[in-house]
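Please treat every number below as a calculation from the coordinates, not as lab data. Computed from a predicted model, the values in this text were never measured in an experiment. Positions of Cβ are generated from backbone atoms using ideal geometry, with glycine treated the same way; all protein chains shown enter the neighbour counts.
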Amino acid sequence: MADSREVVQGTLDLLVLSSLRAGSMHGWGIAQRIRDRSSETVLVTTGALYPALHRLEERRLVRSKWQVSESNRRARYYELTAAGRKALGAEVEWWTRFTAGVAGVIAAT
Amino acid sequence: MFRRLWSATLALFRRRQLEHDIDDELRDHLERDIAFRIARGASPAEARRLAAADLGGLERTRDDVRDVRFLTHVDDLRRDVRFTLRRLARSPAYTALVIVTIGLGVGASTTVFTVIDGVLLKPLPFRSPGELVTLWQTRTTEGMRRDDVPPATFLDWQERARTIATMAAADPWGVTFRRDGSSEHVNAWRVSDGFFAVLDARPWLGRTFRPEDFLPGSTPVVLLDHGFWQRRLGGDPRIVGRSLTFDDGPHLVVGVMPPNFEMPERTNLWQPWVPDSAQRVERFATYMKVFGRMRPGASVADVQAELSTIARSMEGEFPRSNRGVGVSIVSLEDVIIGGRRPLLWTLLGAALVLLFVTVVNVGALHLTRLDRQHRETSVRLALGARRSAIVRPLLVEAFVLALTGGALGAAAGAVGVRVLHVLGPVDLPRLVDVTLDWRAVVMSALFALVAGASLAIVSARRASSQTHEGAPGTRGMTGSRRGTRLRRVAVGLQLALSLVLLIGTSLLVRSFLQVLSADRGYRTENTLSFSTWIYDEYPAVAPREQFVRNVLERLRALPGVTHVAIGSALPLADQITGEDADVVMEGTAVVAGEEPQARGIAVWPSYFETLGTAVRQGRAFLPSDDAGSERVVVVNEAFVRRFSPDRDPVGRMVSVGLMGRGIPSRIVGVVADTRHARLDGPPEPGVYLPWLQRPIEAITFIVRTAGDPDAVAPLVPRTVFDVDPRVALDRMATLDALLAQHLRERTFLLVLLGVFGALAVVVACVGVFGVMSQAVTERRREIAVRMALGAAPQRILGEFAREAGWMAAGGVIAGVLVAAGGTTVISRYLYNVARFDPLALGASIATVTGLALLAALVPSLRAARTPPASVIHRD
């Protein structure tokens, strides 16, 4: 098995929402946060990231704002909405149970 | 769902901005990535290449993002609709019930709306109809609030009024149409110059009248009614310029009016009216219809004020005729449709009640369904489904159902409008024009959307209040207490509203029976009548009398005929129910022109016997009561009550002026009251004169038969033409048919309200059935356990019956309270029936309660028959 792999389908939303808990961030920064915090085991391709961000925004879980970046460019920053925060809680709970279950299965074999 | 559609629409319009934003965002990403790679030690070219590769091809990413923006909405909606359709297909009974129920409500409302729209809301087909008014003479001392106008009075008004730009009048006329050896009486209006200009009515063919048509010695001209032209002349397109024979001379056809131009009333043709010397000074006889177009800016009140002033000065100028004579201005619109407003609004109210009942019912059904899905929803919530993902399909379902029901309703409306054409009062103005058009379709859609929105609100509130806690733990228990209570209230409400409709209907039924059974004073069975006018054919009295004798003799000889008679007027026949006669009892002094009036009719001696009118006192007329003997009259009981309440009327003298000066006559008999013009009003005073002493030229023949009068009817024209082929026959009808026509408005309202009421009751009972079934399902386990422990089935049955009884009782109480206020709208149709008629109330309550309990019986029986073991095993 490789050291790093692409995100399992369906967990991308969870990862994106979690990374935004620390504060608003632009797309590149989000990808970077995920990579750093997973010690480079989880890689988010940008081709998947941006559609996911826009989908989350459509669902009102995140919202975006245009800001002027450090280098004086227009940059789009995303942040969690109240609904996003709630959804994140639910997703985390589900994920915790799921991984505990998976761990249990693995340990038993 | 609306929000999504909205943002999808918005996205489409802001596409350019959106794409620009996406480009900016991705470019920003790329530059950050390159900078990052360079910082990590890559060469600029290398960094650029890697970053681009990582972005997965700039173009593709951009397309993907754009798709997310556009397609999520469309996709979601499509998925929801597909999901909904699949789910509905799994419960076809529920789906069909909901759609049919909504269809019923929407169909009824659409039908009635269409009629109201066509009759009341669409403007009249004249230019600036708001400027058109009608002018009437009043004589308040005698209760005449809206009388026709004498010709001289019209001419004076026309000359003096300033607030009216143009004024015109029409004189009711009749002519004999002769063609191929047959004669027919046809109605006509003689109209003053400018009549068509006032209304701004254009002809269908040819032209209307020109000023030269009104000059003395000009060629006689006629303008034909569209219906007459179609029916009698085969719609000949080259009719204009041809000549037709009316009365005794050729008349040039100058034009044909468009269909449904019914001014002043339904007629066959129009002729120019030129007042003759007698008419120029005629201020007594009221027969002209007067129309005017107000000056722009003038109001009805302005016109009323000016004309009242004119009327006052005319009182001084012509004290003999105009004392107490006023004027009343009524807008044309009020005259044409004013009287029908209450009827139509009542119907709309009833239709909306039905719509409301159906919506409430569908709401209750929907709640039941939601409860059944409660478990599934709980599980999905527990598994982390987003609330919107649960609510959205419910909303979609609500609207799919409502719109399908609405489409069904629009179709039902199209059928309903056709039914109304058949059923509607013949004289309901403009009904023939009414068709289902786009306005009606919009209205159905609106009704359906209201239904959909109600369902949606119910679903959304329900689903969003649901929690997932404990869901997997609870076993088959479904539904919440609150939901059950809500459904019971909904069903009670339906029962209440359908009870209101039923109470209204039964009050109308009672009134209808009262009107039918009210003592009319004459019989309608096996009686045939027809009219003729013989002014021109028999100007002299002796030949006129001979003609009548000859015709009566031959009619009497027809097989199956038992009685024959003539009268100058006939009960039930509109327009010819009698002329007003001035009556002055001996010993009373009355100011000239203010004589009290009674309905005067000149009759043949056999008239009372033929119509079956009872003689109460004295005698009926004899053949010897002719021109050579003492002037005599017979009066009715209402006459006696009004004019001779304290003294025996027989033998008293009374001066009777029927279309002329009063002639002293002796009262020889009293007959039973007859209800002539109105069946649902008190009988009016009436005075009968022997036709032989007062041979009026307008004659109605009455033929009583032993068997079916329709069998005799075909023989009648021949019989009359054998005596004289020149006379024209009109209005041949059985009295039964006239009676039915008279009751048509009543029947119309009754049938529609009855149908709406019946539908509402059925829908409400479906609701009862649904709620009780649900209750039984919910308590299945409990019942099974109790029965296993020995509870008697009767006990279980009793419990459910009690529950249904409470629901029905609540509905009845609420319904009676609403009906207490609601029935005022039909009070004008109530006759001899109190609004709180115990019989009508009792019958309606019994019907609703009985049907509700019956609907509850089936599920309750099922509960009572629950096999104790089965349920326990199944779980």
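Using the number of other C-beta atoms within 10 angstrom as an exposure proxy, rank B:748, B:291 with the fewest first.
Starting with the residue having the fewest Cβ neighbours, the order is B:748, B:291.
What per residue convex hull volume, in Å³, do the alpha-carbon atoms of chain B yield?
About 254 Å³ per residue, rounded to a whole number.
Just checking the output field for A:40-50: average partner chain Cβ neighbours within 10 Å of each residue's Cβ?
That works out to 4 on average.
Across segment B:129-339, how large is the tail of the calculated P(r) beyond 21 Å, expressed as a percent of all Cα pairs?
Tail of the P(r) past 21 Å holds 55 percent of the pairs.
Taking 25 °C and 0.890 mPa s as the conditions, I'd like the Stokes-Einstein D for the protein assembly as shown in µm²/s, using the Kirkwood hydrodynamic radius from alpha carbon pairs.
68
Quick one: helix B:151-160 against the long Cα principal axis of chain B, what's the angle to the nearest 10°, folded into 0 to 90?
60
Would you list the P(r) distribution for segment B:251-316, with all Cα-Cα distances sorted into 5 Å bins from 0 and each bin expressed as a whole %?
P(r) over segment B:251-316, rounded to whole percents: 3, 9, 14, 16, 19, 17, 13, 5, 2.
What is the distance in Å between the Cα centroid of segment A:33-109 and that of segment B:621-661?
106
In whole percent, what relative contact order does chain B give with Cα contacts below 8 Å and a gap of six or more residues?
Relative CO of chain B lands at 15 percent.
Where the centroid of each part is defined by its Cα atoms, how far is segment B:177-241 from segment B:329-378 in Å?
Each part's Cα centre sits 46 Å from the other's.
Taking just the C-alpha trace of segment B:681-767, give me its Rg and Dmax in Å.
21.7, 70
Work out how far the C-alpha atoms of segment B:535-726 reach from end to end along every principal axis, then list the three figures in whole Å, largest first.
50, 36, 29
Using the scaling law 2.2 N^0.38 Å as the reference, what is the normalised Cα Rg of segment B:97-212?
Here the Cα radius of gyration is 1.62 times the empirical estimate.
Compute log10 of I(q)/I(0) for segment B:624-715 with the Debye formula, placing one identical point scatterer on every Cα and leaving out solvent, at q = 0.15 Å⁻¹, to two decimals.
Those come out to -0.73, one per q.
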